[in-house]
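This report concerns only the one structure given below.
The values are calculated or read from the model by the stated rules, or taken from the named source; none is laboratory data. Not measured: the values here are computed from a predicted model. Cβ: placed from backbone, ideal geometry, glycine included. Neighbour counts: every protein chain shown. The area values use the complete protein model at the heavy-atom level, side chains included, leaving out ligands, DNA and RNA. Shrake-Rupley method; radii C 1.70, N 1.55, O 1.52, S 1.80 Å.
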Amino acid sequence: MEFDIADLSVRLLAEQELAPRALVLAEAAALPGAAVHVYVLTSAGGSESWSCRASSGDIAEPDAEIPAGSGTLGMLAADPKPTILPADKLVRESYAHLGIRRTIHTLAYLPLMVGGELVGAIEIVGLDGPISVAQLLSLEPLSEIGGVALAAAHTFEEDRHNSLSSITRLTQFYDVEKAFNSTLEMDELLPIIGSKIREMLECEGVNIWLLEGDESVVLMHQDGHDATTRENAAQRPGEGVPGDVSDDGEPVLITDRADERLHRRNQGATAGAVTSLVVAPLLDHGSLVGVIEAVNKSGEGAFDEDDLFTLQRMNETAASALHNASLLSAERKVEILETLVTVSHEITSTLNLDRMLQTIVNAPQAVIPYERAAVALEQHGRYRLSAVTGVTQLDPDSPEIAPMNDVLRWAMLSGETVHVRQVDGEVLADREATRAKFHAYFEASGMRAFYAIPLSDDSGRVGVFGMESPDPDFLAPVHLEILQVLAGQATVALRNALMYKEVPFISVLEPVLERKRKFLALEKRRRMLILGSAVAVVIFLAGFPLPLRVDGDALVAPVRSALLQPEVEGVVSRVFVHEGDHVRQGQVIAQMADWEFRGALAQAEAKYQTAVLQMNHALASNDGGEAGIQRVQADYWKSEVERSRQLLDKAQLRSPFDGVIATAHVEDQVGRRLQYGDTFAEVVDASRAVVDVAIENNDAGLLRTGARAVIKLNSFPTRTLRGEVIIVSPKSTLVGDERFFYARVALPNPDGSIRAGMEGRGKVRVGWYPAGYVFFRKLLLWFYSRLWSWFGV
């Protein structure tokens, strides 16, 4: 068989990758009635294997990877020379790598050499007849030229793989930097650092050690698995590799399993021993803040210098992120101290017990993330739940409060600080009785943590302050310190307020006794007349029903309103509406000058098409590198096309819902330049009106959804508007020094005459009550609240 060496060389040079060049060699070595396979000898993980890269002729389906020393290929690896193996010298096991069911007449091998070193082989499987020595020798020129071609292609693919790996590593570093700087919360940052380093280094575990004030390092977070240490473990210099690195600041790479440092570390570990370790310091502006160590490379390999370099680079970013998180933590501590000073001032600046109790249960929530807090007082040896967060009308027996009331009573009797948590379904407490009690409490309340601290001084016990949360770890050490200070100040303030309330009532009783003496001094007939009149008044007040209404200032607000603001800067070119026009949802209100956006869109589309054409041309020319570059360019310009279209659409200002244009002279804004945040027009929904009636805090308990209401607006003094309450605001609003709840009354507004901003007065009917209750309700409630505060439980 003869072939043109020059032509073969040109064909080989036209291809750069390994598989196409192997296919050229397979086609060049093809013999009639034979199958040809081209193998490349590769090395991975310390072992060599044959890899089939191309086949020609009748396919014999060789295995993809074949051990270098097995079968007939192993014979060639041991003695690389042209070889012919007739069928009578072959057994099936020697060519087991060929998935073939036909009879083989001959197996011939031509080694591919480079500088005397075997790099591949051409395997010729004779299926229709034997292969002669002359035929094999005619292919011998392929040995040297084919070996050089395959070696050069293999080098090219390795270089390309290394370049792609470098790009991938740079991308990973960029992703890591974004991830590390995505949060300033230390509790969230440590898991992110651990998981990203573990992902980059492909290891079994990552340990993050942070430096403490006594120059030891403490394991603050562990990602993955490391059976030789645990979280919160501490090390000092000389006690382990992390401690040593924290002392000298030098990174450590251990790849030898027999290393003495690994032997000391693995003592006592029955499984999961450390076999490879890489440790690097965390340095912030030259100062050590901690140590990060990666444990056991995934698979059977060990860490190398590249892994150590990667960990050091990642530690630089991690140190910066930890520095920012520590600054936030310090700022929060300052904020906590300022809040503590404010709370202390509030509870010590008044002798009003109710106000003081509300401050104690509500104000600390600004710095302590509890769900609910409560204060119980001990007065004359009796327990009384006195205040609960967010509750103004306190009912200790209500289903929402009763569970907390029970455990707070128990905490007061215990006389000591109580801190119980439930983690993963297990209640953490010292005594079995406590665990059983709080298991039922957590089950009933949905909470997972309870904390109670006694309020006591030298004179005895004042009460107890407790809080609960669905987060078992809602109290940090700084929170516990705050609570100790707060408890001491609250105890003093409550003791003073209780003593003030126990002042005798002689100033109130003396005027009552004086009036009694004057009444008894009257003549009998006059006394009877006064008594009869009083009885009649009492019967009228107690038995005659009257409608009870609560009233307040009313203010009309639209159901919905929206401010149309541009999403892009530009000049208004056209306005399609006038003030008072009705518009539909999505209707174009105005058009901004969009020639720049149209030009940008056309330019982006043109560049996108150009990039696509160049990419296709590169693919047709088999230029993979240029095609990849143009592919990136095409993707970029495609995104620019989409962005330009979005900007073009944003040049149209549309109505977000059906409504009425409420902006005066909106049509005169043609030619106006709008910046980001500028308001072009306002759209309001005037199909119905909602009137907010401000009801005093003392009357808010009477409000019910569906109650009838009447409204008088100042704009329509002779017109009475009737509607019903659709919403009672769940939260009060502070107006001046008083708090109000809003009853939102829906009014029909078919003609749109009721406009937002109109003021007036509203009354809400809350039911029929005895006349005495209607006339003297506020006085009775005030008197009852005084009695309740003195004698109620």
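Mind checking which helices in the chain clear 24 Å along their axis (Cα) and have mean Kyte-Doolittle hydropathy of 0.0 or more, DSSP H runs only?
Length and hydropathy pass: 477-501, 524-543, 771-791.
Just to verify a number: what accessible area does Met220 come out at with the full protein assembly present, 1.4 Å probe, Å² rounded to tens?
80
Over the chain, give the accessible area per residue in Å² for a 1.4 Å probe, as an integer.
Each residue of the chain exposes 55 Å² on average to a 1.4 Å probe.
Mind checking region 1-107 for trypsin sites (Lys or Arg not before Pro) that DSSP puts in a loop (not H, G, I, E or B) and that have at most 14 other Cβ atoms within 10 Å?
Here the trypsin sites (Lys or Arg not before Pro) that fit, given the DSSP loop and packing criteria, are Arg101, Arg102.
Once neighbouring chains are kept in place and the probe is 1.4 Å, which whole percent of the accessible area of the chain is contributed by carbon and sulfur?
Carbon and sulfur together cover 53 percent of it.
At a probe radius of 1.4 Å, what is the per-residue accessible area of Asp668, in Å² to the nearest 10?
Answer for Asp668: close to 110 Å² accessible.
List the lysines whose Cα lies under 23 Å from the Cα of Lys607, skipping any in the same chain that are fewer than 8 positions away.
Lys638, Lys650
Compute the longest continuous run of the chain that contains no exposed chymotrypsin sites (Phe, Trp or Tyr not before Pro); treat a site as exposed when its DSSP state is not H, G, I, E or B and it has at most 12 other Cβ atoms within 10 Å.
1-504
Within straight cross-link reach of Lys196, meaning Cα distance under 20 Å, which lysines are found once same-chain residues fewer than 8 apart are removed?
The qualifying lysines are Lys178, Lys297.
For the chain, with the dipole built from +1 on Lys and Arg beta-carbon atoms and -1 on Asp and Glu ones, taken about the Cα centre, which of Ala14, Trp637, Gln585 lies farthest toward the positive end?
Working it through, the farthest residue towards the positive pole turns out to be Gln585.
Within straight cross-link reach of Lys81, meaning Cα distance under 16 Å, which aspartates and glutamates are found once same-chain residues fewer than 8 apart are removed?
Hits, sequence-local ones excluded: Glu117, Glu123, Glu140, Glu144.
Would you work out the Kirkwood radius for region 1-131? I mean one over the mean of 1/r across all pairs of different Cα atoms, in Å.
In region 1-131 this quantity evaluates to 15.0 Å.
Per residue and in Å³, how big is the convex hull formed by the alpha-carbon atoms of region 360-484?
112
Taking N as the number of residues in region 277-379, what value does Rg over Cα atoms divided by 2.2 N^0.38 Å take?
1.88
Starting from a Cα-only point model with no solvent, please compute log10 I(q)/I(0) by Debye for region 636-768 at q = 0.12, 0.15 1/Å.
-0.68, -0.86
Cα centroids of region 618-676 and region 61-135: how far apart, whole angstrom?
Computed from Cα coordinates, the inter-centre distance equals 63 Å.
For region 540-637, give the magnitude of the charge dipole about the Cα centre (Cβ charges: +1 Lys/Arg, -1 Asp/Glu; no others), in debye to the nearest 20.
Its charge dipole is roughly 300 debye.
Dipole of region 310-371 (Lys/Arg Cβ +1, Asp/Glu Cβ -1, origin at the Cα centre): which of Thr317, Ser344, Leu357 lies farthest to the positive side?
Farthest towards the positive pole: Thr317.
Which value results for Rg/Rh of region 423-463 when Rg is the Cα radius of gyration and Rh the Kirkwood radius based on the inverse mean 1/r?
1.13
Can you give me the distance in nm between label points at Ala534 and Val91, each placed 7 Å from the Cα along the Cα-to-Cβ direction?
The modelled label-to-label distance comes out at 12.8 nm.
Please state the charge dipole magnitude for the chain, taken about the Cα centre, from unit charges on C-beta atoms (+1 on K and R, -1 on D and E), reported in debye and rounded to the nearest 20.
7440
For region 769-791 and region 421-459, what is the separation of their C-alpha centers, rounded to whole Å?
Region 769-791 and region 421-459 have Cα centres separated by 39 Å.
At 1.4 Å probe size, with no ligands or nucleic acids counted, give the accessible surface of Ser55 in Å², nearest ten.
40
Just in region 631-730: which trypsin sites (Lys or Arg not before Pro) are loop by DSSP and have at most 14 other Cβ atoms within 10 Å?
Details: sites: Arg631, Lys638, Arg643, Arg645, Lys650, Arg654, Arg672, Arg673, Arg688, Arg704, Arg708, Lys712, Arg719, Arg722; in loops: Arg672, Arg704, Arg719.
Here the trypsin sites (Lys or Arg not before Pro) that fit, given the DSSP loop and packing criteria, are Arg672, Arg704, Arg719.
Using heavy-atom solvent-accessible surface (probe 1.4 Å) with all chains present, what is the largest-first order of His37, His225?
From most exposed to least exposed: His225, His37.
Put Lys437, Lys297 in order of accessible area, largest first, 1.4 Å probe: what do you get?
From most accessible down to least: Lys437, Lys297.
Suppose R0 equals 51 Å. What FRET efficiency, 1/(1 + (r/R0)^6) with r the Cβ-Cβ distance, do Leu394 and Ser287 give to the nearest 0.05?
0.45
Contour minus end-to-end for Gln365 and Asp63, with contour as 0.36 nm per residue of separation and end-to-end as the Cα-Cα distance? The partial results should precede the final answer.
On the way: separation 302, 0.36 × 302 = 108.72 nm, distance 6.90 nm.
Net length gain for the segment: 101.8 nm.
Could you point to the residue in Pro82, Phe474, Asn698 farthest towards the positive end of the chain's charge dipole, with +1 and -1 charges on the Cβ of Lys/Arg and Asp/Glu respectively?
The Cα lying farthest towards the positive end belongs to Asn698.
So if I restrict to the alpha-carbon atoms in the chain, what is the Rg, and what is Dmax, the biggest pairwise distance, in Å?
43.5, 156
Can you tell me the dipole magnitude for region 321-467 around its Cα centre, using point charges on the Cβ only (Lys, Arg +1; Asp, Glu -1), in Debye to the nearest 20?
On the way: 13 positive and 19 negative charges, 19 e Å.
In total the dipole reaches around 80 debye.
Within region 356-445, report the GluC sites (Glu not before Pro) that DSSP leaves as loop and that have at most 14 other Cβ atoms within 10 Å.
Answer in residue order: Glu400, Glu416.
Quick check on region 374-420: what are the equivalent-ellipsoid semi-axes from the Cα gyration tensor, as sqrt(5λ), descending, whole Å?
18, 13, 9
Keeping all protein chains in place and using 1.4 angstrom, which order do Ile368, Ile539, Ile145 fall into by accessible surface area, from largest down?
Working: Ile368 0, Ile539 115, Ile145 45 Å².
From most accessible down to least: Ile539, Ile145, Ile368.
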